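Presented below is the structure to which this report refers.
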Amino acid sequence: QVQLVESGGGLVQPGGSLRLSCTVSGSIARHYVRGWYRQVPGSQRELVALVSNGGSASYADFAKGRFTIASDNGANTMYLQMNNLKPEDTAVYYCNQVQGGDFYWGQGTQVTVSS
């Protein structure tokens with residue numbers, strides 16, 4: 001089993017920044033992919049960004065140029081730096097780890113972008 005715990009969400013004004021953190025613990029495999037997803041009520045959960053344990057990152061189009069994903073494998077912590085936030089970025093953000101075909105999720109952290 002793998003456990004993930006997010007932190008760092010909150011209320012921020014449009015144009016502001018937040019950094020989300022995700023602490024990973026448990027039976028972590030040698031090879032995995034970590035990611036951030038988000039979900040608003042009534043909508044499906046959508047991918048924000050992915051990073052492999054080798055460091056390769058990919059982003060959803062809305063995240064390119066504004067969000068940066070990073071993973072500190074030694075500390076088993078993943079980050080999502082979000083800049084120039086917009087009201088449409090308001091959502092619950094979840095961290096995720098995929099290993100050996102299994103999906104693990106955190107409990108989510110609320111991000112609200114509003115003036």
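The values are calculated or read from the model by the stated rules, or taken from the named source; none is laboratory data. Not measured: the values here are computed from a predicted model. We place every Cβ from the backbone using ideal geometry, glycine too, and count neighbours over all the protein chains shown. Each accessible area value is taken on the protein alone, full model and side chains, heavy atoms only, with ligands, DNA and RNA left out. Shrake-Rupley method; radii C 1.70, N 1.55, O 1.52, S 1.80 Å.
Selection of first residues in segment 65-88 that are farther than 21 Å from residue 112 by Cβ and of second residues that are exposed (fewer than 13 other Cβ atoms within 10 Å of the Cβ) and among the polar types (S, T, N, Q), restricted to Cβ pairs under 7 Å at least 6 apart or on distinct chains, gives the following pairs, ordered by first then second residue: 76/25. Scan segment 32-46 and tell me whether some residue there is in contact (Cβ under 8 Å) with a residue 24 or more places away in the chain, more than 14 Å from residue 108 (Cα to Cα) and open to solvent by 50 Å² or more (accessible area, probe 1.4 Å). Yes: one or more hits.
Answer yes or no as to whether residue 30 is among the charged types (D, E, K, R), assigned to a strand (DSSP E or B) and more than 22 Å from residue 86 (Cβ to Cβ).
So residue 30 fails the test.
Taking the criterion of being more than 11 Å from residue 92 (Cβ to Cβ) and either acidic (Asp, Glu) or part of a loop (DSSP other than H, G, I, E, B) (or both), the residues of segment 33-45 that qualify are 42, 44. As a summary of the residue check, residue 17 satisfies the conditions (1) open to solvent by 50 Å² or more (accessible area, probe 1.4 Å); (2) without any contact (Cβ under 8 Å) to a residue 24 or more places away in the chain; (3) of a type in the set (Ser, Thr, Tyr) except for the one numbered (2). Looking at 17, 56, just one residue is within 16 Å of the chain's Cα centre (by Cα) and under 24 Å from residue 86 (Cβ atoms), and that residue is 17.
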